[in-house]
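Student: Sharing a structure with you now.
The values are calculated or read from the model by the stated rules, or taken from the named source; none is laboratory data. Predicted, not measured: the structure shown is a model, and the values here were computed from it. In this analysis, Cβ positions are derived from the backbone assuming ideal geometry, glycine residues included, and neighbour counts consider all displayed protein chains. In case anyone asks, the SASA skips ligands and DNA or RNA and just uses the protein heavy atoms, side chains included. Shrake-Rupley method; radii C 1.70, N 1.55, O 1.52, S 1.80 Å.
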Amino acid sequence: HFVWHIHFVNPSANPLQEHITDTIFYDQVSLTPLQLENTFNTDSCKLDEFIGILIGGGRISAALDSNIKAYIDKTGTHFWETYGMTETASHIALRKIAKDAYFTPQPGVKLSAIDGLLAIEIPEVNLSIQTTDLVHFHNGGFEILGRADDIINSGGLKINPTEIEPLLAETLSDLGIENNFYLGKKRHTKLGECAVLMLEGKSDFNSELLLNILKGKLPKNQAPLEIIFVPKFAFTDTGKVIRKRI
């Protein structure tokens, strides 16, 4: 049995800068992707003071994944992406970044799929959960393809924001647009639903031109049909953007 001394701090955008001191040695820290991004952007990144970093509470972007791998090459620090939810009290699966392609469930965790959605069972604690996460299994491991709630059913074509948003991020970055964004959905008279680009901030560029560029860059019929500007996104305590239903 291990005796761990656990330190809890109030949620903040950059907890390492605000709470880490030179008087205590920490083996491990848990961060959200947003907190990790902010840590990388500080002048004194203290991540190499830890043996392992757990990352959970949101999807790791391609840019953040690249920064993590570069930091691993430089320092040898271990980074683990976690999968879990409030109902499971903590993570139930891990993926070692730069080594593992897929999540591996923890001992005692039994996983299955019902209509393509992940089901979790932990018999030891009498826990059974049906999630809305789309899952694909790979030889003992699994990957999450997105949330069924977020799928956009546009004229019978199912658009998965998890697949499209990395392409959106790359195109927007190439155009010098650094606004926070996500791919949302909106009711459409003919299609039932359509994809819309939700952008944080003000409209200070040609929206029609941007939509045409995205149409040429993204898979056929999966580009947003409209841009909706939101003055400021709402986020959860763990840094996940709260997706508005339109």
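Student: Filtering segment 84-96 down to residues that are open to solvent by less than 70 Å² (accessible area, probe 1.4 Å) and at pLDDT below 95, which residue is farthest from residue 55 (Cα to Cα)?
Tutor: 88
Student: With the requirement that a residue be open to solvent by less than 40 Å² (accessible area, probe 1.4 Å) and either of a type in the set (D, E, K, R) or closer than 14 Å to residue 59 by Cα (or both), what does segment 97-126 give you?
Tutor: 97, 103
Student: Okay, moving on. Within the set of pairs 6+ apart or on separate chains, which have a first residue in segment 188-211 that is free of Cβ contacts under 8 Å to residues at least 40 places away in the same chain and within 18 Å of residue 164 (Cβ to Cβ), a second that is part of a helix (DSSP H, G or I) and open to solvent by 30 Å² or more (accessible area, probe 1.4 Å), and C-beta atoms under 8 Å apart?
Tutor: Every condition considered, the pairs that remain are 197/211.
Student: Would you check which residues across segment 157-214 are outside any strand (DSSP E or B) and in contact with a strand residue (DSSP E or B) (Cβ under 6 Å, 6 or more places away or on another chain) and list them?
Tutor: 160, 161, 162, 164, 165, 179, 180, 191, 203, 207
Student: Now a separate question. Within the set of pairs 6+ apart or on separate chains, which have a first residue in segment 67-92 that is on the phi < 0 side of the Ramachandran plot, a second that is surrounded by fewer than 18 Cβ atoms within 10 Å (Cβ to Cβ) and of a type in the set (D, E, K, R), and C-beta atoms under 6 Å apart?
Tutor: From residues that are on the phi < 0 side of the Ramachandran plot, the pairs are 75/48; 77/48; 80/96.
Student: Could you check segment 12-87 for helices (runs of 4 or more DSSP H) lying wholly inside it with 3 or more residues that are under 19 Å from the mean Cα position of the chain (by Cα) and hydrophobic (A, V, I, L, M, F, W, C)?
Tutor: Fully inside segment 12-87 and qualifying: 33-40, 62-75.
Student: Hey, can you tell me all the residues within segment 226-246 that are surrounded by fewer than 15 Cβ atoms within 10 Å (Cβ to Cβ) and either modelled with pLDDT of 85 or more or among the hydrophobic types (A, V, I, L, M, F, W, C) (or both)?
Tutor: 229, 231, 232, 234, 242, 246
Student: Go through the residues of segment 167-181 one by one and say whether even a single one is under 29 Å from residue 57 (Cα atoms) and among the hydroxyl-bearing types (Ser, Thr, Tyr).
Tutor: Yes: segment 167-181 contains one or more residues that are under 29 Å from residue 57 (Cα atoms) and among the hydroxyl-bearing types (Ser, Thr, Tyr).
Student: Could you list all residues from segment 146-156 that are assigned to a strand (DSSP E or B) and open to solvent by 60 Å² or more (accessible area, probe 1.4 Å)?
Tutor: Hits for segment 146-156 are 147, 153.
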